[in-house]
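Written below as structure tokens is the structure these notes are about.
Every number in this text was worked out from the coordinates using simple rules, so none of it is lab data. Only a predicted model underlies this, so the values are computations on that prediction, with no experimental measurement involved. Positions of Cβ are generated from backbone atoms using ideal geometry, with glycine treated the same way; all protein chains shown enter the neighbour counts.
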Ligand code: NAD
């Protein structure tokens, strides 16, 4: 396929590189990042998008997505697909999809989970919103860049699935970390705690697959001095998006709100920026109740 790719940062670059490897013809644009090998550089976003069958965007946030979409959609062919893989607020995803529809362009919002490692290995999971038609057109690209794509419903539902998942993830990581810190103070060895919890009703992905305690369970960022992995500030971004969405639809999400507040304190006041989100464990270990 002829593909435009806008936003070739930490995630976008390896995703575009995998599309090139699979034989697609990729034209890219980024304000700052260099083009990966095999990607033809365009002078502007609009130029990268013009005449392509699919245009992928992988951008930092909703306001940048809205600006880029306003720039590129009008030059795209009718029936072409705008595939946005960024993590953005649900409202921006739906607004951009409406704008595309008005111009006869198909839209899919498909944020990812799997991080830079998944982007490089081509094993991302895509959570997609948009019409069945649009989803089917980009399915072959999901197969190249990822290992699983779930069609979650109409536009914006990909973003909805992503922020609901990550709200659970953030709250669960905090619960796992505070339980380890309590166990320490009660004199319960971490490996015993892992042995019990990972096979009992307190188990979770954060305990079993991404254990925040070093030297226990499968290898995780805790075993690498809490280098990310999934950075605490990206978790904060997603938790804030979930709170923004919850406010918009009047949903009561007290655990998600507390998780957002704790990650905000950690990232913005306690030096957590650049640390993996599982570094909540050493944070709790250092603290008492007040
Ligand atoms: P990044 O900052 O490394 O990349 C974003 C790129 O967009 C940068 O290269 C930047 O120069 C470019 N850019 C910004 N404004 C632009 C514009 N107007 N026109 C063209 N290019 C522009 O970020 P990333 O880590 O690659 O993340 C991208 C998206 O993926 C984010 O929405 C993020 O939340 C999401 N995400 C990231 C991860 C991760 O682990 N990094 C995991 C899942 C989802």
Expressed as a whole-number percentage, the relative contact order of the stretch 201-250 with C-alpha contacts under 8 angstrom and at least six residues apart is 17 percent
For the pair residue 265 and residue 91, the simple spin-label estimate (label points 7 Å beyond Cα toward Cβ) gives in nm 2.8 nm
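Could you give the length gained by full extension between residue 143 and residue 33, i.e. 0.36 nm per residue of separation minus their alpha carbon distance, to one decimal place?
Extending this stretch completely gives an extra 37.1 nm.
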The helix 157-185 Cα axis meets the longest alpha-carbon principal axis of the chain at an angle in degrees, between 0 and 90 and rounded to 10, of 20 degrees
Ranked output for segments 118-124, 10-16, 248-254, 210-216 by mean other Cβ atoms within 10 Å, highest leading, reads 10-16, 210-216, 118-124, 248-254
The alpha-carbon center of the stretch 159-216 and that of the stretch 22-81 are separated, in whole Å, by 39 Å
The stretch 114-248: relative contact order from alpha carbon pairs under 8 Å, six or more residues apart, as a whole percent, is 18 percent
Quick calc, residue 225 & residue 78: beta-carbon distance into FRET formula, R0 51 Å, rounding 0.05, result 0.50
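Give me Rg/Rg_expected for the stretch 209-283, where Rg uses Cα atoms only and Rg_expected = 2.2 N^0.38 Å with N residues.
The value comes to 1.18.
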With the stretch 1-74 reduced to its Cα atoms and the Debye formula applied, log10 I(q)/I(0) at q = 0.18, 0.20, 0.23 1/Å amounts to -0.59, -0.73, -0.97
Shape descriptors of the stretch 249-290 over alpha-carbon atoms, Rg and Dmax in angstrom, are 12.0, 37
Given a Förster distance of 22 Å, the FRET efficiency implied by the Cβ-Cβ spacing of residue 248 and residue 71, rounded to the nearest 0.05, works out to 0.30
Between residue 258 and residue 102, the two model label points (7 Å from Cα along the beta-carbon direction) sit apart by a distance in nm of 4.3 nm
Looks like the stretch 104-188, by Cα gyration tensor root eigenvalues a ≥ b ≥ c and the a/c under 1.5 rounded cutoff (else prolate when a/b is bigger than b/c, oblate otherwise), is prolate
Exposure-ranked with fewest Cβ neighbours within 10 Å first, 72, 64 stand as 64, 72
Longest principal axis of the chain (C-alpha) makes with the long axis of helix 254-269 (C-alpha) an angle, in degrees to the nearest 10, of 90 degrees
Expressed in angstrom and rounded, the centroid-to-centroid distance over alpha carbons for the stretch 234-290 and the stretch 123-139 is 30 Å
Using the Kirkwood radius over Cα pairs of the stretch 42-87, the Stokes-Einstein translational diffusion coefficient at 4 °C and 1.567 mPa s, in µm²/s and rounded to a whole number, is 122 µm²/s
Computed over the stretch 185-290, the relative contact order (Cα-Cα under 8 Å, seq sep at least six) in percent reads 26 percent
In whole percents, the bins of 5 Å from zero upward hold the Cα-Cα pairs of the chain as 1, 6, 12, 15, 17, 15, 12, 9, 7, 4, 2, 1, 0, 0
Per-residue Cβ contact counts at 10 Å, fewest first, order 92, 113, 290 as 290, 113, 92
Note on the stretch 135-277: alpha-carbon gyration tensor, axes a ≥ b ≥ c; rule is a/c under 1.5 for rounded, else prolate if a/b larger than b/c, else oblate; result prolate
So, with points 7 Å from each Cα along the Cβ direction, the residue 40-residue 10 label distance in nm works out to 3.1 nm
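Report the antiparallel proportion of the DSSP beta bridges in the stretch 1-152 as a percent, rounded to a multiple of 5.
On the way: 4 of 28 bridges.
Rounded to the nearest five, the antiparallel share is 15 percent.
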Under the rule rounded for a/c under 1.5, else prolate if a/b exceeds b/c, else oblate, using alpha carbon gyration tensor axes a ≥ b ≥ c, the stretch 1-126 is classed as oblate
Packing-ranked peptide list from 47-57, 278-288, highest mean Cβ count within 10 angstrom first, is 47-57, 278-288
Of all DSSP beta bridges with both partners in the chain, the antiparallel percent, nearest 5, is 15 percent
